[in-house]
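Structure, as structure tokens:
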Amino acid sequence: MSVLERLRGQLVVSCQADPGSPLRDSYIIGRLALAAELGGAAGLRVQGFADVQAVRAVTALPIIGLTKTDRNDTDVYITPTSAEAVRLAELGAEIVALDATLRPRPEPLQNMFAAVRAAGAQVMADISTLEEARAALDAGADCVGTTLAGYTPYSRALTTPDWDLMDELRAAGLPFAAEGRISLPEQAAEARRRGALFVVVGSAITRPDVITRWYAQALDG
Ligand SMILES: CC(=O)N[C@H](C=O)[C@@H](O)[C@H](O)[C@H](O)COP(=O)(O)O
């Protein structure tokens, strides 16, 4: 069974800590991953070589690996190069997530996908629109994720999951994972009802600073 098949209908927990977070430590990311596994996660989404390595060392759950790289020459920041994608696969990520938006990029998507496949991994193409999903799947992605919806200048800016994009993807018969601003269990279930292959939740489970801010702001009046 392919690793994507194993994730069908399941929850993937994104375990990431950004620079400046008190949780920014690969040991802690490994602990977050174990807590997610204990709670029933079927897969993990992990950023950076050190964190992928740390998580691979403590769990056999499938890992969706990515890097976040700020570059001067492009706005593409999720796994922008095939060298990074291949390294993630070598460190044990069964799936590599990469930016598949239609913005100018350092390397053509086809090259990236071929490199990931040659390294023995599958591709999750992070997109922000239906058009990008079509292009990524035409170019050979194994699935797309709604990860970047709301994070490109031309996609709908929302505070909720992008339900309309999920409906468009489903209507077009395109295999997609739901990701981005899923903050409640009911929303995860709703994404599944709307056709998501699997559902990725990050901040609402693994970013306590963000969750605290939701509560603090609610009390601010
Ligand atoms: C846009 C972007 O860079 N998203 C990143 C992709 O890996 C992560 O920062 C998000 O936490 C992840 O997508 C999960 O989303 P949420 O934290 O909203 O559940």
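Inside the range 143-154, can you point out the residues that are in a loop (DSSP other than H, G, I, E, B) and either within 15 Å of the chain's Cα centre (by Cα) or within 11 Å of the ligand (Cβ to nearest atom) (or both)?
Step one: of the range 143-154, the residues in a loop (DSSP other than H, G, I, E, B) are 149-154.
Across the range 143-154, the qualifying residues are 149, 150, 151, 152.
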Worksheet item: Which residues, taken from the range 155-182, are within 17 Å of residue 97 (Cα to Cα) and near the ligand (Cβ under 9 Å from one of its atoms)?
Response: 179, 180
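May I ask you to list the residues in the range 1-30 that are assigned to a helix (DSSP H, G or I) and without any contact (Cβ under 8 Å) to a residue 24 or more places away in the chain?
First pass over the range 1-30, keeping only residues assigned to a helix (DSSP H, G or I): 3-6, 26-30.
Hits for the range 1-30 are 5, 28.
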Item to complete: Name the one entry in 174, 197, 219 that is in contact (Cβ under 8 Å) with a residue 12 or more places away in the chain and over 19 Å from residue 43 (Cβ atoms).
Response: 174
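How about the range 1-33: which of its residues are of a type in the set (D, E, K, R) and away from the ligand (no atom under 16 Å from the Cβ)?
Within the range 1-33, the subset of a type in the set (D, E, K, R) is 5-6, 8, 18, 24-25, 31.
Of everything in the range 1-33, those that are of a type in the set (D, E, K, R) and away from the ligand (no atom under 16 Å from the Cβ) turn out to be 5, 6, 8, 25, 31.
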Fill in: Residues being polar (S, T, N, Q) and farther than 8 Å from residue 128 by Cα - total across the range 148-172
2
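Out of all the residues in the range 183-221, which are among the charged types (D, E, K, R), more than 11 Å from the ligand (Cβ to nearest atom) and not in a helix (DSSP H, G or I)? Don't jump to the end; show me each part of the working.
Within the range 183-221, the first condition is being among the charged types (D, E, K, R), and the residues that meet it are 186, 190, 192-194, 207, 209, 213, 220.
From what's left, more than 11 Å from the ligand (Cβ to nearest atom): 186, 190, 192-194, 209, 213, 220.
Once the filter is applied, which keeps residues that are among the charged types (D, E, K, R), more than 11 Å from the ligand (Cβ to nearest atom) and not in a helix (DSSP H, G or I), the range 183-221 yields 194, 220.
Report yes if some residue within the range 115-127 is closer than 21 Å to residue 191 by Cα, in a loop (DSSP other than H, G, I, E, B), modelled with pLDDT of 95 or more and in contact with a Ser or Thr (Cβ under 9 Å, 6 or more places away or on another chain); otherwise report no. Steps first, please.
Going residue by residue through the range 115-127, those that are closer than 21 Å to residue 191 by Cα are 123-127.
Restricting the remaining residues to those that are in a loop (DSSP other than H, G, I, E, B) gives 127.
Next, from what is left, pick out any that are modelled with pLDDT of 95 or more: 127.
Then drop every residue that is not in contact with a Ser or Thr (Cβ under 9 Å, 6 or more places away or on another chain), which leaves 127.
Yes, the range 115-127 has at least one match.
Let's see how each residue does on (1) buried (at least 22 other Cβ atoms within 10 Å of the Cβ); (2) within 12 Å of the ligand (Cβ to nearest atom):
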site	(1), (2)
39	no, no
44	yes, yes
56	no, no
72	no, no
80	yes, no
85	yes, no
91	no, no
94	no, no
Worksheet item: Tell me, which residue of the range 139-170 that is out of contact with any Pro (no Cβ under 8 Å at 6 or more places or on another chain) and of a type in the set (Val, Ile, Thr) is farthest from residue 214 (Cα to Cα)?
Response: 152
Worksheet, complete the sentence: Note on residue 140: of the conditions (1) away from the ligand (no atom under 15 Å from the Cβ); (2) in contact with a helix residue (DSSP H, G or I) (Cβ under 6 Å, 6 or more places away or on another chain); (3) in contact (Cβ under 8 Å) with a residue 60 or more places away in the chain, unmet is (3)
Worksheet entry | Residue that is farthest from residue 4 (Cα to Cα), among those in the range 117-132 that are of a type in the set (Gly, Ala, Ser) and under 14 Å from the mean Cα position of the chain (by Cα) | 128
Worksheet entry | Extreme residue, surrounded by the most Cβ atoms within 10 Å (Cβ to Cβ), among residues of the range 145-190 that are within 20 Å of residue 206 (Cα to Cα) and acidic (Asp, Glu) | 179
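The values are calculated or read from the model by the stated rules, or taken from the named source; none is laboratory data. None of these values were measured; they are calculated from a predicted model. Cβ atoms come from the backbone with ideal geometry, glycine included; neighbour counts cover every protein chain shown.
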